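Only one structure is covered here, and it is reproduced in the block below.
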Amino acid sequence: MNSILSDRINNMEESATLAMAKTARELKSQGIDIIGLSLGEPDFKTPKHIQEAAKEAIDEGKYFSYPPVAGYQDLREAIAKKLREQNQITQAKAENIVVSTGAKHSIANVFMCLINEGDEVVIFSPYWVSYSEIIKLAGGVPVLIEGNLENNFKATAAQLKAAITDKTKAVIYSSPCNPSGSVFSKQELEAIAEVVKSKEDLIVIADEIYELINFTGQHASIASFPGMFERTITVNGFSKGYAMTGWRVGYICAPLPIAKACEKIQGQFTSGGTGIAQRAALAGLTGDQKPSEEMAAAYLKRRDLVLQLLREIPGIKTHVPEGAFYFFPDVSAFFGKSAGDFKIQTADDFCLYLLNEAHVSLVTGAAFGAPDSVRLSYAASEDELKEALKRVKTALEKVK
Ligand code: PMP
Ligand code: GLU
């Protein structure tokens, strides 16, 4: 059967985050009491005023036809204003903004528009699973620079410099980071910006989708640094900070030729994003920010809870994440050990063991470029987190 499919799809890995979420959902539907900590998805409902704005948009009856490909003008203007005022990206204008069907779609547009066969893209690793597959789909070659537990999983500007070749076209990172929860400081980003500026035409893609879930209180946008606007594609969206994963609204802010290219490809692939969802996103951006702040405060409380519980489990090593809603502990101390007949050799085995034994779903770090780690999403209630960590502890006590 695979022979009728293209090499393009046969060579692509399935999204590990979505695959694990699907497995957990299937087990749950069989009546197994799974606690899902695999999917990076807020457990909060979309704030009420955003829901209301969508209902009003339906009642107005004005948003049922094809929206402009790059997004409604008032939404693009509101995004540009936010980027100027909150992110100090002073050159941002509506014409630089392209609204898409989620930030994943934005990233796919970007790589399809930037990459020629054989172009290299440097990825700060550990990294979000879809970057490498989208780059490969576009004909590019992912080049990983790796952070580790000791440096909070943050690869450095020096590593970036060493990884750049004649073929390097772009660099991508997320901050706050999925999967590590680490946040680049302004100084770290300034050093990265200097390296990017040292190579002609090198572009940096700054994935800032977790911007609003940042416990350091300091979010830095690399596009705001001197000389960086023309070299930066800022990616952001509404899924995380506004608990709007299912509405599917993301965007880029890019130099004009890149924004126009993304509009062109989107015009052939999908057209403009869903009209009603764009109206809801506009309400999110321009309305009361308190619900987002409250969600961030709840994540911080959960982070502290999970940190304390993880520290009580012998063999688990973790840093303290500063944003997003993930822990990315090193579990390599369990490799080579067994529970009954089941031998744990890898992080994949570790996740499988916990799924079967503790009924807790995590995602293997291998999918994020870090095979000694696993990712735990703490976008779940405190009760669920306490129960999950209790089960994990009990299951791991059986591993000898
Ligand atoms: N970037 C990162 C780092 C993510 O974790 C996600 C997860 N959804 C996305 C982009 C895509 O977000 P969405 O398509 O829901 O806007
Ligand atoms: N970004 C989230 C995650 O990493 C959602 C799933 C996905 O799109 O990968 O789990």
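Only the coordinates and a few stated rules stand behind these numbers; no lab work does. Quick caveat: nothing in here was measured; it's all calculated off a predicted structure. We place every Cβ from the backbone using ideal geometry, glycine too, and count neighbours over all the protein chains shown.
Below are the figures for this structure:
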| quantity | calculated |
| --- | --- |
| Beta bridges by DSSP in the chain, antiparallel share as percent, to the nearest 5 | 45 |
| Mean-position separation - Cα centroids, the stretch 132-204 and the stretch 1-56, in angstrom | 27 |
| Principal-axis tilt of helix 73-87 within the chain, Cα atoms, nearest 10 degrees | 60 |
| I203 long-range amide H proximity, modeled H, under 5 Å | A170, V171 |
| Highest-MSF residue in the chain out of G250, G323, G272 [GNM, Cα springs under 10 Å] | G272 |
| Rounded to 10°, Cα long-axis angle of helix 256-269 versus longest principal axis of the chain | 70 |
| Derived scalar couplings ³J(HN,Hα) [the stretch 104-115; Karplus, 6.51 cos²θ - 1.76 cosθ + 1.60; whole Hz; x for Gly, Pro] | 4, 5, 4, 5, 4, 4, 4, 5, 4, 7, 9, 9 |
| Degrees separating the helix 48-60 axis from the principal Cα axis of the chain, which is the longest one | 40 |
| Order of T168, T216 under a 10 Å beta carbon neighbour criterion, fewest first | T216, T168 |
| Listed pairs K48/K390; K154/K317; K93/K167; K93/K186; K317/K390 exceeding 27 Å between Cα atoms | K48/K390; K93/K167 |
| Karplus-derived HN-Hα couplings along the stretch 339-346 (A = 6.51, B = -1.76, C = 1.60, θ = phi - 60°), whole Hz, x at Gly and Pro | 10, x, 7, 8, 9, 9, 9, 9 |
| Note, ³J(HN,Hα) from phi for the stretch 285-296, Karplus 6.51, -1.76, 1.60, rounded to Hz, x at Gly and Pro | 6, 9, x, 4, 8, 4, x, 5, 5, 5, 5, 4 |
| Rg/Rh (Cα only; Kirkwood hydrodynamic radius) as it applies to the chain | 0.96 |
| Sequence of S377, S292 once ranked by neighbouring C-beta atoms within 10 Å, starting from the fewest | S292, S377 |
| Built amide H within the under 5 Å cut-off of G237, gap 5+ | Y251 |
